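Asks: First the structure, which I've put down as structure tokens, then a few questions once you've had a look.
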Amino acid sequence: MKDRPERIKSKLLGIVGKPNVGKSTFFSAATLIPVEIANYPFTTVKPNRGVGFIRTTCVCKEFNVKDNPSNSVCINGVRLIPVELVDCAGLVPDAWKGRGLGNQFLDEVRRADALLHIIDVAGATDLEGRPVKPGSHDPLEDIKFLEREITMWMYKIISKDWPKISRTAETGRRNLVSLLEDRFSGLSIRREHIVEAIRSSSLNAEKPTSAKEEDVIDFIDKLRRIAKPILIVGNKIDVAGAEENITRLRDLGFNVIPCCAVAELALRKASEKNLISYIPGDSDFQILKENELKENQRRALKAIREKILLKYGSTGVQDAINSAFFNLLNMITVFPVEDPERLSDHSGRVLPDAYLVPKGTTARDLAYKIHSELGESFVYAIDVRTKRRVGEDYVLKDRDVISIVSAKKRG
């Protein structure tokens, strides 16, 4: 009997960065829930965790149906799928040694599958997060220091036990990958991450006792890049000097998402009060209650439209979350239904669910994600678009609409 795949579990996105870069504002904007959802996929959300959303195009208009979402929301053909975010404590240099809130930060990072690194792209805060003149600090230093902190934290976890691990592996009693998998348990690091990191590093897996400190650190750094991928979010694009720094960082090879978290928070709050019509990630908004807006609110909305939305296409908050899940974590969206003709579940709700799953997920993997019994009794699936039957090894494509047929259902 096939076990439910480990990789199909929900992914956790960590929001990281030094103090005073707008990290908490980003988190607040991302988790300001615009609508109610009937069925959240997360049973417990701790104080430093919140529910954000992936934005994708719903298939309702393609099939010309009125949908009734349950685990997500559809607004005018835009499907918002809830995802879990964790707001990590502000990081300062030598956090891996316990400085500042280092231990708390790293405990939160261990659970994350990918990280959004919020930087002050205007260079208006120093390495410790203290305010400085815009442009006087190089945000490249922030990128390098945070990567170094996480690498050294992971190295610290293994360094004390490395002699024993390497000796045990070399005697042949246990495989090096299995030993490392045990040591990194609880860090959302999978076996395939370790195998790939060993292959791409200078570590000699056949003779690990010969490894020098720099070899082990090189392996850990590769492992960190694979298991904890980071997307750079250049916040404070409304401050002078930000645009030039974004261009420079991109020229250096960094994928940077321009962002103005304070603008996104303002738009979501205005939308919450029904002053404007705005869906997270939109390139513009519509004012609904002109007469209820105060003069300072009008000026603020005008500035957001002219200096942020028209220039960059969005505030960047939604772009960053989407990019983390779709690009860093290689997720796709699928729409499971029970009735392939009516596109509904057993209650008659049309297109009730939208799931985020990793690329490479099979039809049977999806069945397990929906319910373990469905996976165990899987017979075949139906590609709703083509009406074609597909087997358990059918690899799902982005935006597939799939109906699972089980032995119990067929009986």
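The values are calculated or read from the model by the stated rules, or taken from the named source; none is laboratory data. The structure displayed is predicted, hence computed values, not measured ones. Here the Cβ positions follow ideal geometry from the backbone for every residue, glycine too, while neighbour counts run over all protein chains shown.
Asks: If you scan the range 332-343, which residues turn out to be at negative phi and in contact (Cβ under 8 Å) with a residue 60 or more places away in the chain? Talk me through it step by step, then tell me what you get.
Replies: Initial filter on the range 332-343 (at negative phi): 332-342.
Of everything in the range 332-343, those that are at negative phi and in contact (Cβ under 8 Å) with a residue 60 or more places away in the chain turn out to be Ile332, Thr333, Val334, Phe335, Pro336, Val337, Glu338, Asp339, Pro340.
Asks: Does Thr386 satisfy the condition of being in a loop (DSSP other than H, G, I, E, B), more than 18 Å from Gly281 (Cβ to Cβ) and either in the same structural domain as Ala29 (by TED's automatic domain parsing) or among the hydroxyl-bearing types (Ser, Thr, Tyr) (or both)? Lay out the reasoning, then the answer.
Replies: Details: in a loop (DSSP other than H, G, I, E, B): yes; more than 18 Å from Gly281 (Cβ to Cβ): yes; either in the same structural domain as Ala29 (by TED's automatic domain parsing) or among the hydroxyl-bearing types (Ser, Thr, Tyr) (or both): yes.
Yes.
Asks: Just checking, how many residues over the range 17-48 are at pLDDT 85 or above and over 16 Å from Gln318 (Cα atoms)?
Replies: Residues flagged as at pLDDT 85 or above and over 16 Å from Gln318 (Cα atoms) within the range 17-48 amount to 5.
Asks: With the condition kept exactly as written, say whether any residue in the range 260-267 is part of a helix (DSSP H, G or I), surrounded by fewer than 18 Cβ atoms within 10 Å (Cβ to Cβ) and either free of Cβ contacts under 8 Å to residues at least 12 places away in the same chain or over 21 Å from the mean Cα position of the chain (by Cα) (or both).
Replies: In the first step, residues of the range 260-267 are kept if they are part of a helix (DSSP H, G or I); the result is 261-267.
Filter again for surrounded by fewer than 18 Cβ atoms within 10 Å (Cβ to Cβ), leaving none.
Within the range 260-267 (the criterion being part of a helix (DSSP H, G or I), surrounded by fewer than 18 Cβ atoms within 10 Å (Cβ to Cβ) and either free of Cβ contacts under 8 Å to residues at least 12 places away in the same chain or over 21 Å from the mean Cα position of the chain (by Cα) (or both)), the answer is no, since none of the residues qualifies.
Asks: Look through the range 335-383, keep the residues that are of a type in the set (A, V, I, L, M, F, W, C) and assigned to a loop (DSSP other than H, G, I, E, B), and return whichever of them is surrounded by the fewest Cβ atoms within 10 Å (Cβ to Cβ).
Replies: Filtering the range 335-383 down to residues of a type in the set (A, V, I, L, M, F, W, C) leaves 335, 337, 343, 350-351, 354, 356-357, 363, 366-367, 370, 374, 378-379, 381-382.
Still in the list and also assigned to a loop (DSSP other than H, G, I, E, B): 343, 351, 354.
Details: Leu343: 21, Leu351: 25, Ala354: 25.
Per the criteria, the residue is Leu343.
Asks: Check every one of the helices (runs of 4 or more DSSP H) wholly within the range 54-171 and list those with 2 or more residues that are in contact (Cβ under 8 Å) with a residue 60 or more places away in the chain and touching a helix residue (DSSP H, G or I) at 6+ places or on another chain (Cβ under 7 Å).
Replies: Output list reads 102-109, 139-159.
Let's see how each residue does on (1) buried (at least 19 other Cβ atoms within 10 Å of the Cβ); (2) hydroxyl-bearing (Ser, Thr, Tyr); (3) in the same structural domain as Glu244 (by TED's automatic domain parsing):
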| site | (1), (2), (3) |
| --- | --- |
| Asp94 | no, no, yes |
| Val109 | yes, no, yes |
| Leu140 | no, no, yes |
| Lys144 | no, no, yes |
| Met154 | yes, no, no |
| Arg173 | no, no, no |
| Gly186 | no, no, no |
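Asks: Then there is this: Taking Ile246 and the conditions (1) buried (at least 21 other Cβ atoms within 10 Å of the Cβ); (2) part of a loop (DSSP other than H, G, I, E, B); (3) touching a residue at least 60 places away in the same chain (Cβ under 8 Å); (4) among the β-branched types (Val, Ile, Thr), which numbered condition does it fall short on, given that it satisfies the others?
Replies: (2)
Asks: Name every residue in the range 309-322 that is closer than 16 Å to Cys260 by Cβ and either of a type outside the set (A, V, I, L, M) or assigned to a loop (DSSP other than H, G, I, E, B) (or both), in order of residue number. Spell out how you get there, then give the answer.
Replies: Here is the first cut: in the range 309-322, the ones closer than 16 Å to Cys260 by Cβ are 309-321.
Correct list: Lys311, Tyr312, Gly313, Ser314, Thr315, Gly316, Gln318, Asp319.
Residue-wise test of (1) in contact with a Ser or Thr (Cβ under 9 Å, 6 or more places away or on another chain); (2) among the charged types (D, E, K, R); (3) not assigned by TED's automatic domain parsing to the domain that holds Tyr278.
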residue: Ile308; (1), (2), (3): yes, no, no
residue: Gly313; (1), (2), (3): yes, no, no
residue: Thr333; (1), (2), (3): yes, no, yes
residue: Arg342; (1), (2), (3): no, yes, yes
residue: Arg349; (1), (2), (3): yes, yes, yes
residue: Leu356; (1), (2), (3): yes, no, yes
residue: Lys359; (1), (2), (3): no, yes, yes
residue: Ala363; (1), (2), (3): no, no, yes
residue: Ala367; (1), (2), (3): yes, no, yes
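Asks: Hey, any hits in the range 228-237 for a residue that's assigned to a helix (DSSP H, G or I), more than 16 Å from Ile158 (Cα to Cα) and either small (Gly, Ala, Ser) or not assigned by TED's automatic domain parsing to the domain that holds Val86 (or both)?
Replies: Keep residues of the range 228-237 that are assigned to a helix (DSSP H, G or I), which gives none.
Checking the range 228-237: not a single residue is assigned to a helix (DSSP H, G or I), more than 16 Å from Ile158 (Cα to Cα) and either small (Gly, Ala, Ser) or not assigned by TED's automatic domain parsing to the domain that holds Val86 (or both).
Asks: Right, here's the next one. From the list Gly123, Gly135, pick out the single residue that is over 21 Å from the mean Cα position of the chain (by Cα), assigned by TED's automatic domain parsing to the domain that holds Thr247, crowded, with 21+ Cβ neighbours inside 10 Å and small (Gly, Ala, Ser). If you could, list the steps in order and put the result at the bottom.
Replies: Details: Gly135 fails: crowded, with 21+ Cβ neighbours inside 10 Å.
Among Gly123, Gly135, only Gly123 is over 21 Å from the mean Cα position of the chain (by Cα), assigned by TED's automatic domain parsing to the domain that holds Thr247, crowded, with 21+ Cβ neighbours inside 10 Å and small (Gly, Ala, Ser).
Asks: Would you be able to tell me the number of residues in the range 196-220 that are more than 15 Å from Trp162 (Cβ to Cβ) and either of a type in the set (Val, Ile, Thr) or in a helix (DSSP H, G or I) (or both)?
Replies: So the count comes out to 3.
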